[in-house]
Every structure is written in C-alpha cells, then in structure tokens.
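Structure record follows, encoded as structure tokens.
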Amino acid sequence: MNIIRKLDKREVIELLNKCWMTHDGMWFYHCMQKFGIGVANRLNKEAIASMAPMEVAKIRETLGISKRKLETFEEFKTFFDGARLLRVPDFMNAVFDFPRENILRWEFEPEACFAYKGITRIGAIDQYECGVLYRIECWLRSMEIPYEVDPQITGCLMHSAGYCSGEFCLDFQ
C-alpha cells in the first residue's frame, strides 16, 4: 500500500500508541463498570507492574542497549531518551527532561494529560490512581534504579493540585 510508505516514523509511532491507549482506556472503563474503580485501579497497576520488565527489555533491544544494568545517569538518559521517542508521542502532552544530574523531570500541559482527559470523560477522575507515572516508577524498579519521587503520587495530581509536574531523583551508586 502506498499510503504506508508515505508515513514517517513519528506518524507510525503516534498511531500505534493512540491505538494502544484507546485499548488501555477501554479496558479500564469496562473493568471499572463491571468491578468498580478500586478494582480497576488495582488491576491497572498490577498489569503495569508485570508489563514493565518486558517493556523495558523490548525497548532496550530496539535501542541496541545490551547492558542488563544501567550503571550511570548517562546510560539511563540514553535509554530514556529512546524510550520517550517510542512510547511518549506528542498526543500525550508530556515533557520529560533532565534539568540536572540524576534528575528526571516530568510535566504535563495543564488539563491536557491524555489520561486525565480520558478518566475525566468516564467520570472517575476523583478516584483515579495515576497509571502513567506509575509506569515510569515500574520501569525504574525493573531496571533496579533506586529513586525518590517528588511529589508523591497518590491519585491524579492534575485533578488534586491543578497541575502535574515533578521529579524522579535517581540514585546511581
């Protein structure tokens, strides 16, 4: 098909991630409808935690990173920059950067986080537990990178604070 040849890599990445996020959102919605928001949050986090090691391994393989354990901040930045290109397309309205040594900073456009918008649409934002940043935490755990997060994430920061930004402080010993 000629149209496929005309798509650039970013368009393909955007499409695949949108389809995945639509599936993810519909799974969450139907789980919530059948079992309640508490069970949906718990199952969502269990799925994310079990998926993270496999996702990290696939990203590493795609990026050609053969090292099992990332030992320095520079190695992590290389991994995360590649992962961000593959897994954080523009529609997510998220910015991740490294403002100083051992810091991964995140910020979502006010009221534009894709998860915030979707969960608000289904009427569960007041009880939603953020799966987006939990996923980053699970990546860090699966890579055995000690970290602290500020602010602590309980629920949805966009909903509770009116913004969603903060930092992961990574501990490379």
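Bear in mind these aren't lab numbers, they're just calculated from the coordinates by the rules spelled out. What you are looking at is a predicted structure, and each value in this text was computed from that prediction instead of being measured. Every residue, glycine among them, receives a Cβ derived from its backbone with ideal geometry; neighbour counts consider all protein chains shown.
The label-point distance for residue 30 and residue 78, in a model that sets each label 7 Å from Cα toward Cβ, rounds to 4.2 nm.
Taking a 26 Å limit on the Cα-Cα distance, which of the listed pairs 9/69; 18/69; 45/117; 18/67 fall beyond it?
9/69; 18/69; 18/67, as the Cα separations exceed 26 Å there.
With θ taken as phi - 60° and the Karplus curve 6.51 cos²θ - 1.76 cosθ + 1.60 applied, the whole-hertz 3J(HN,Hα) list for the stretch 40-51 is 4, 4, 5, 5, 4, 5, 5, 5, 4, 4, 6, 7 Hz, x standing for glycine and proline. The GluC sites (Glu not before Pro) of the stretch 128-163 that DSSP puts in a loop, and whose beta carbon has at most 12 other beta carbons within 10 Å, are 144. Cβ crowding within 10 Å ranks 160, 142 as 160, 142, fewest other Cβ atoms first.
What ranking of 100, 105 emerges when the number of other C-beta atoms within 10 Å of each C-beta is taken as an exposure proxy, fewest first?
By the 10 Å Cβ count, ascending: 100, 105.
Residues 87, 121 in ascending order of nearby Cβ atoms (within 10 Å, fewest first): 121, 87. Along the chain, counting only chymotrypsin sites (Phe, Trp or Tyr not before Pro) with a DSSP assignment other than H, G, I, E or B and at most 15 other Cβ atoms inside a 10 Å radius, the longest segment between sites is 1-162.
Determine one quarter of the surface area of the Cα convex hull of the chain, which equals its mean projected area, and express it in nm² to one decimal. Walk me through the numbers before you get to the answer.
On the way: hull surface 43.9 nm².
Spelled out: convex hull of the Cα atoms, projected over all directions, averaged, 11.0 nm².
Compare 11, 71, 55 in a GNM of the chain, Cα atoms joined below 10 Å, and give the one with the largest fluctuation. Answer for the Gaussian network model of the chain: 11.
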